[in-house]
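Nothing in this text is a laboratory measurement; each read-out follows from the coordinates by a stated rule. Quantities reported herein were computed from a predicted structural model and do not represent experimental measurements. Every residue, glycine among them, receives a Cβ derived from its backbone with ideal geometry; neighbour counts consider all protein chains shown.
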Amino acid sequence: MTEPTELVQTADANQARAAEPQASVWVSANAGTGKTAVLVKRILRLLLTGAAPESILCLTYTKTAAAEMQNRLLKTLSGWALMPDGKLQAELGQLLKEPFHEEDMQTARRLFARVLEARGGLKIHTIHGFCERLLQRFPLEATVTPNFTVLDETSATRARNEAFDTVAMKAVAAPNSPLGHALSKVVGLTSENQFREVVGEILAKRAELARIVHRHAERAPTAHWLGLETQALKTFFGIEDSDEDALVAAQCSVLTDEQ
């Protein structure tokens, strides 16, 4: 049976290996087990080896994680700048796991100022944030509109609701049109809120749904007679055979989207 002390020693050794800046590593662990701490140590060791702060790029999934990483780094570096020699020696020894020189201590004390003075500061971003900055810097190469802004969730919901209301008004104004027929069918099967949810789900997967509809449309009318399009939609959206209401709502909202 493995003793707890051995487990801790093994974990410490693995974290030290993962923090080695010359190594290419993949860290996988449960939440709260120290992944962020390992990444921070890796960045600190890169800085101690002379890497320019502006040359280091850190990407994470959430803004919270990015902020936490940056705060930890700045807190450590600011502490090193004023830390007594004995305590700094102990921290560097724990971090580097190898002998270091007096000049390493001087380098550590200057890192806080170097990071603050670095052009653009520490580059710790979310993946989305980094991609946004990249597109804003090279809009022509990426064929996007210069000076674009990213639509936040609140604005996206508002725009989607406005579009929904506009399409619904068109359907009411022309009840004999395909759009009007689609709306009249779904009105009797679901509430307005449920219909909005179905449309939102389809809009989130519109590319996949378009491929399914296009593929089976090429086989019409045989595919329609055999119910292939219906079955494909059921499979794609995970709709049970008995859930006719949800299926009709999904199919009707396709017409709404195309119009």
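Other residues with beta-carbon under 13 Å from the beta-carbon of PHE130 carry, at +1 per Lys or Arg and -1 per Asp or Glu, a net charge of +3. Residues with beta-carbon under 10 Å from that of ALA23, excluding ALA23: net charge, scoring Lys, Arg +1 and Asp, Glu -1? The answer is +1. On the beta carbon distance between LYS63 and GLU103, with R0 = 45 Å, the FRET formula returns roughly 0.75. Charge tally around ALA118: other residues with Cβ under 13 Å, Lys/Arg +1 each, Asp/Glu -1 each, net +2. With 19 Å as the limit, the listed pairs LYS35/LYS87; LYS41/LYS123; LYS41/LYS75; LYS63/LYS123; LYS35/LYS63; LYS185/LYS205 have LYS35/LYS87; LYS185/LYS205 beyond it between alpha carbons.
The orientation-averaged projection of the convex hull spanning the C-alpha atoms of the range 4-137 amounts to 9.2 square nanometres.
Were the residues from THR10 through TRP26 laid out at 0.36 nm apart, the gain over their Cα-Cα distance would be 4.1 nm.
For the range 132-144, 3J(HN,Hα) computed residue by residue from phi via the Karplus equation (6.51, -1.76, 1.60; θ = phi - 60°) reads 4, 5, 5, 5, 5, 7, 10, x, 5, 5, 8, 6, 10 Hz, glycine and proline entered as x.
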